[in-house]
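Asker: Here it is, the structure, as structure tokens.
The values are calculated or read from the model by the stated rules, or taken from the named source; none is laboratory data. Here the structure is a predicted model, which is why all the values come from computation and not from measurement. Note: ideal-geometry Cβ built from the backbone for every residue, glycine included; neighbour counts use all protein chains shown.
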Amino acid sequence: MDAAYLSALAALAGSVTGGLTSLVASWLTQHEQFRAQQLVHEISRREDLYKDFIQGASKLYTDAFEHDKAEVSKLVNLYALISRMRVLSSPAVIEHADRVARVIIETYLAPNKTFGDVREVLDNDAMNPLREFSNACRDELRKHRSL
């Protein structure tokens, strides 16, 4: 083979190798950026879902202290949020969300509380049924951020 052809083939092979290396590096970079964006979006969805649940459950729990009758539509909304969590969240988060809903229903079924009655409840976790739920959510979000 002529030296000129050998030089040309070597240059061509080097160009192809460099081009492929650049292409693969670019593809990997884009893939990682897309994956990071998906993770941020997923965490944001969960945070919004957990925030909506905490706000709704807090309002219902307060209402349950003051009233005997629940508005079923509000309870349905709370259970709809739990159902959305079943798609996105870990079993621990769902279990704690179910417990919060049960505490709210039990509170509606109990006698109404006055502000003076609240003082007795402050010493135990019954006043804050969302604590364990919040802790489970925080643990799950930390786990996803570390991926």
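For every residue, the table says whether it meets (1) closer than 24 Å to Ser146 by Cα; (2) in contact with a Pro (Cβ under 9 Å, 6 or more places away or on another chain).
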position	(1), (2)
Tyr5	no, no
Thr29	yes, no
Gln37	yes, no
Ala57	no, yes
Glu71	no, no
Ile94	yes, no
Phe115	no, no
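Asker: Condition (residue is assigned to a helix (DSSP H, G or I), of a type in the set (Asp, Glu) and farther than 30 Å from Glu32 by Cα) applied to the range 67-89: is it met by at least one residue?
Answerer: no
Asker: Which condition number in (1) of a type outside the set (Phe, Trp, Tyr); (2) part of a helix (DSSP H, G or I); (3) modelled with pLDDT under 95; (4) over 17 Å from Arg131 (Cβ atoms) is the one that Ser58 fails?
Answerer: Answer for Ser58: the failing condition is (4).
Asker: For residues that are exposed (fewer than 12 other Cβ atoms within 10 Å of the Cβ) and under 25 Å from Asp52 (Cβ atoms), scanning just the range 101-116, find the one that is modelled with the highest pLDDT.
Answerer: Among them, the one singled out is Arg102.
Asker: Right, here's the next one. Out of the range 82-105, which residues are within 21 Å of Arg142 (Cα to Cα) and either touching a residue at least 60 places away in the same chain (Cβ under 8 Å) or not charged (D, E, K, R) (or both)?
Answerer: Ile82, Met85, Val87, Leu88, Ser89, Ser90, Pro91, Ala92, Val93, Ile94, His96, Ala97
Asker: For the range 64-97, what are the residues that are among the β-branched types (Val, Ile, Thr) and more than 13 Å from the chain's Cα centre (by Cα)?
Answerer: Val72, Val76
Every residue, every condition in (1) under 29 Å from the mean Cα position of the chain (by Cα); (2) modelled with pLDDT under 85; (3) surrounded by 10 or more Cβ atoms within 10 Å (Cβ to Cβ), yes or no:
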{"site": "Asp2", "(1), (2), (3)": "no, yes, no"}
{"site": "Ser7", "(1), (2), (3)": "no, yes, yes"}
{"site": "Ala10", "(1), (2), (3)": "no, yes, yes"}
{"site": "Ala13", "(1), (2), (3)": "no, yes, yes"}
{"site": "Val24", "(1), (2), (3)": "no, no, yes"}
{"site": "His31", "(1), (2), (3)": "yes, no, yes"}
{"site": "Gln37", "(1), (2), (3)": "yes, no, yes"}
{"site": "Glu42", "(1), (2), (3)": "yes, no, yes"}
{"site": "Arg45", "(1), (2), (3)": "yes, no, yes"}
